[in-house]
Amino acid sequence: MKAYRIKGITGIALAVSLIACGGNKGGKETRSNADTLKKDSAKVVAPAPKKEALTIERKYDDIARYIAGLAQKPGSAVNPELSKSKAWLGYSQPFNKSWKSYDSTRLSVMRAWSKTDLAEMNKNESNIFYPFAGADILNAYTFFPHATQFVMVGLEPVGSLPELEGKHYKDSLNNYFHNINNSLSSILNFSFFRTKSMRLDFSGQKELNGTIHILLLFLTRTGNTIAGITPVSIKHDGSLTTYETFDAMKKDSLKAKGVEIRFVDADSVMKKVYYFSTNIANDGMKVNPGFTAFVKNMGHYNTYLKSASCLMHEPGFSSIRNLILDGSNYVLEDDSGIPLKFFTEKGNWEYTFYGTYTGAYAIFHHNYQKDLFDAYKAGTNVKELPFGIGYKFKKGESNLMLAKKKK
């Protein structure tokens, strides 16, 4: 995500370096709820699934499994030579080991916390709104496994899919997986993506030019099957325009380019992730009313904010801040999201605080919140946070606030 200048300091909007190329071919398969979807991670318990046929465009799951470092299923559309390459094996084998460790030591703790402390939040809303997300579907899906729609926003481009049927892609695999590893190292070690400038990193890149690949990787690694992928943009009235290919979308001059990823969870429930590349500062939202309309068309939703560079502390982000406060039933955030004072000004929120707050992360020191510090010091509705998250990613140093709108 692009860096913004805030009071003389660059606010780092954190996300991820990824890849892109062209389209692919493949067949469709239809599954009923009686079918078992293979999981590669711990099972997420979900509400009773709807009994309906599930259409899965097989090629997309094949591509996602390849990106995620998982073995291909029989009949895969991916060229088998690519899965035998030294580049893929050198990436896949250590990543399988590190993911198993990460899932058992960190994600399992987050899932357990979500089941207890976010139980009510998960029960009452199926839409999750995640501004300033970059490609971080991992944390959102871990906290909100029952949500059926995720709407994520960043400035990073969407990118497109690699062509994995032919042989020509093999020459670029070393660079491809090297950059995936670079991107994953920060989220797996520090709980957030960090780069100097994502837009500069993607500029001029052939393989690394969008968020879609890490989205697919995380969705697959958390036990889901990719069912379909559609390039989309937002119309003036908030409805969607779909495109046959990412190249076709790229040619259009659009305020919000995006992708719809349809996936099926371990309980055979069809879900969606939308990622939109668009500017949600006040000036960006002013010239793109369709984005606001799209969010409002969801009705009510729950919002998640993490590592948001304290952008909504500033006047230039009042529009997105108000969109969240007006439309959300719940907001889960760290201190880099919406300052506590804007919740209290509305007067219709109640709070639970987790972890500890001793001040803002060093580069955002001017965003210190005395009222938040006092709330933690008072100890009312303050609970333990059993994991680290956000900029202060070490356990015992992190914070989250769960704000619930009063009825």
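What follows draws every value from the coordinates through simple rules; no lab data is involved. Remember, predicted model here, so these are calculated numbers, not experimental data. Positions of Cβ are backbone-derived with ideal geometry, glycine not excepted, and every protein chain shown enters the neighbour counts.
Each of the peptides 395-401, 103-109 was scored by the mean count of other Cβ atoms within 10 Å over its residues; in descending order, highest first, they stand as 395-401, 103-109.
Mean projected area of the convex hull spanned by the Cα atoms of region 348-389, taken over all viewing directions: 3.7 nm². Between K395 and N181, the modelled labels are 2.8 nm apart [label points 7 Å from Cα along Cα→Cβ]. A Cα-only calculation for region 235-296 places Rg and Dmax at 13.5, 42 Å. Counting Lys and Arg as +1 and Asp and Glu as -1 over every other residue whose Cβ lies under 10 Å from the Cβ of N282, the net charge comes to 0. The charge dipole of region 244-378, taken about the Cα centre with unit charges on the Cβ atoms of Lys, Arg (+1) and Asp, Glu (-1), comes to about 280 debye, rounded to the nearest 20. Using R₀ = 56 Å, calculate the FRET efficiency as 1/(1 + (r/R₀)^6) where r is the Cβ-Cβ separation of S172 and N297; round to 0.05. That pair, S172 with N297, gives E of 0.90. Each residue of region 68-78 is assigned a 3J(HN,Hα), and the resulting list reads 7, x, 9, 4, 6, 7, x, x, 4, 7, 6 Hz, derived from the Karplus form 6.51 cos²θ - 1.76 cosθ + 1.60 (θ = phi - 60°), x at Gly and Pro.
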